[in-house]
Amino acid sequence: MGVPEWHAEQEYHIGSICTHDGESYQSLQNANVGSQPPSEKWTPVLTSKNGLTHLGLEETAKQAAGALQKSQNGADIPNKPLFVQNIGALPANGTAVAANRLASRGALPALTGTTRGSDSGLIMGEVYDNGYPTPYGNVLRLTGTGDGEILIGWSGVSGAPAPAYIRSHRDNADAEWSEWAMLYTSLNPPPVPPDLNPVGSAIAWPSDNIPAGYALMQGQSFDKSAYPLLAIAYPSAIIPDMREWTIKGKPASGRAVLSRELDGNKSHSHTARAQDTDLGTKSTSSFDYGTKSSNTTGGHNHSAGGTYGGDSIGGRIRVQRDGNDQLTSWNGDHAHTTWIGPHDHTVYIGPHGHVVIVDAEGNVETTVKNIAFNYIVRLA
């Protein structure tokens, strides 16, 4: 016979066994009536069907079914990159090395002298008053053929910036670490360098606001005891007036330092001429003067003389040989007419030159293209 099925009216005693819904149960008490298993009055009976469940090994069995096999050496991991990322390990397939975080090695004492890092690769350590140039921070140490360190400091004041440093160590065993070099940022700028202009130098300044510790060069005197370095440059205790003046390198000879030279043009010459023009032969205007009369004068006679053939020739009066006292008939005053007629004149001009006058033009002084700056000098 098999194990009887549980019945509500049946009385069960300690150790009695029944089945219900395919499971076997054992009574835990006497007079067990009407208590349907499973309940506090019954305990399951282990079988091949429910053994893992009632022993609490069912979940273990499920996990074991999908567990990694040590014989696979990780080859049976479904998503290997995600697995490496989750455990914070470094993959080494090929030459690439990557990780989502780098664990700290704790406080690493600062290396000094020729001491090199003992761990190869990239490690991170903590700085906390352990020999670094800043009391707080983190240091990245890269050890390979040579060594390098980057120190990123942090301030003990909330929100305050802190400096960063870098140094290196070459590959020789007897080489020493370089000095720490500070990295400058907008919140940690480099210190203002000292003025590199020697005291007395004329400095071109692009503003009318003269900075403190400087003076506009305008020919003023100064106290030599108050500014001894300036007195070395200007023993006369007078600052040159550089307004409207430019600076020129002193020639090899002929000029003294701080001597002045007025403006002027370099000596030169010009040639100039007016264009020659041949005006040729020109005619005047024509005019008809008509017929003109001379004045009425000029009455006169003529003397006459000659030889004669006798005292009387044909009843004519004889003429003496010497005719000086013999005259012709008197014509009296009379006029003449002169015809002038229309006519013109020619005037020859020919080629000729002209005097050329060159008018003055230009600025009031000699200059070149320029931008106006103020010359200032440092007071010290």
Original post:
If you go through region 239-257 one residue at a time, do you hit one that is surrounded by 10 or more Cβ atoms within 10 Å (Cβ to Cβ) and in a strand (DSSP E or B)?
Top reply: yes
Subject >> Breaking point among (1) surrounded by 11 or more Cβ atoms within 10 Å (Cβ to Cβ); (2) of a type outside the set (Phe, Trp, Tyr); (3) within 30 Å of residue 240 (Cβ to Cβ), for residue 209 >> reply: (1)
Original post:
So residue 126 clears everything in (1) more than 60 Å from the chain's Cα centre (by Cα); (2) at pLDDT 90 or above; (3) not in a loop (DSSP other than H, G, I, E, B) except one condition, right? Which one?
Top reply: (1)
**OP:** Keeping to region 162-179, report how many residues are within 12 Å of residue 133 (Cβ to Cβ) and surrounded by fewer than 13 Cβ atoms within 10 Å (Cβ to Cβ).
**Re:** 1
Original post:
When region 178-235 is examined, which residues are found to be of a type in the set (Asp, Glu) and at pLDDT below 90?
Top reply: 195
Original post:
How many residues are part of a loop (DSSP other than H, G, I, E, B) and surrounded by 10 or more Cβ atoms within 10 Å (Cβ to Cβ) if we restrict to region 351-376?
Top reply: 6
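The values are calculated or read from the model by the stated rules, or taken from the named source; none is laboratory data. Remember, it's a predicted structure, so these values are computed and weren't measured experimentally. Reconstructed Cβ throughout: ideal geometry from the backbone, glycine too, with neighbour counts over all protein chains shown.
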